[in-house]
Amino acid sequence: MCAYAEYTGYGVHTTAMNCLFCSILDGAIPSTAIYSDELCYAFADIAPQAPIHVLVVPRKHIDSLSASTVEDTALLGHLLKITAEIARQQGLKNGYRTVLNTGADGGQTVAHLHVHLLGGRSLAWPPG
Ligand code: 5GP
Ligand code: ZN
């Protein structure tokens, strides 16, 4: 068990009905695993926008960043820390981009909070 889950007893998997990423977490929909621990799961994006495109999702269902609460503060930090660890494991020495799309104007299409990790090519800025 990772330190945060052990400390808080927070390694709880809450599931929302009709949520694509909850179905992936349950194993009902197959995915290509990249990383897993008590709090989160990372898998390859089905439509990669860069040579490396990984999604890091909390096992707890949270609709979006804007729906997160103060109780989620450490969990959000864990997601970013793990994203950095995955980037290191993937050899992204030149850098990478982390993205959290939120809501309709943010381009969020799956209503389960997730961090995009994009890397392996030079990425333009600003986004469209
Ligand atoms: P959003 O648009 O919500 O920020 O990101 C959702 C991401 O989920 C998209 O990049 C999309 O390609 C990815 N995605 C959608 N459906 C699936 C799926 O069934 N499996 C996987 N691995 N990724 C998916
Ligand atoms: Zn969900």
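One table, with the values for the structure above:
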read-out	value
Of the criteria (1) out of contact with any strand residue (DSSP E or B) (no Cβ under 7 Å at 6 or more places or on another chain); (2) under 17 Å from Ala16 (Cβ atoms), which one Leu113 fails	(1)
Cβ pairs under 8 Å, 6+ apart, first in region 75-88 and free of Cβ contacts under 8 Å to residues at least 40 places away in the same chain, second in a helix (DSSP H, G or I)	Leu76/Leu65
Every residue from region 84-96 that is assigned to a loop (DSSP other than H, G, I, E, B) and charged (D, E, K, R)	Lys93
Wholly within region 1-83, strands (runs of 3 or more DSSP E) carrying at least 3 residues that are modelled with pLDDT of 95 or more and open to solvent by 30 Å² or more (accessible area, probe 1.4 Å)	33-36
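The values are calculated or read from the model by the stated rules, or taken from the named source; none is laboratory data. All of these numbers come straight from a predicted model, not from anything done at the bench. Cβ atoms come from the backbone with ideal geometry, glycine included; neighbour counts cover every protein chain shown. What goes into the accessible areas is simple: the full protein's heavy atoms, side chains included, and nothing from ligands, DNA or RNA. Shrake-Rupley method; radii C 1.70, N 1.55, O 1.52, S 1.80 Å.
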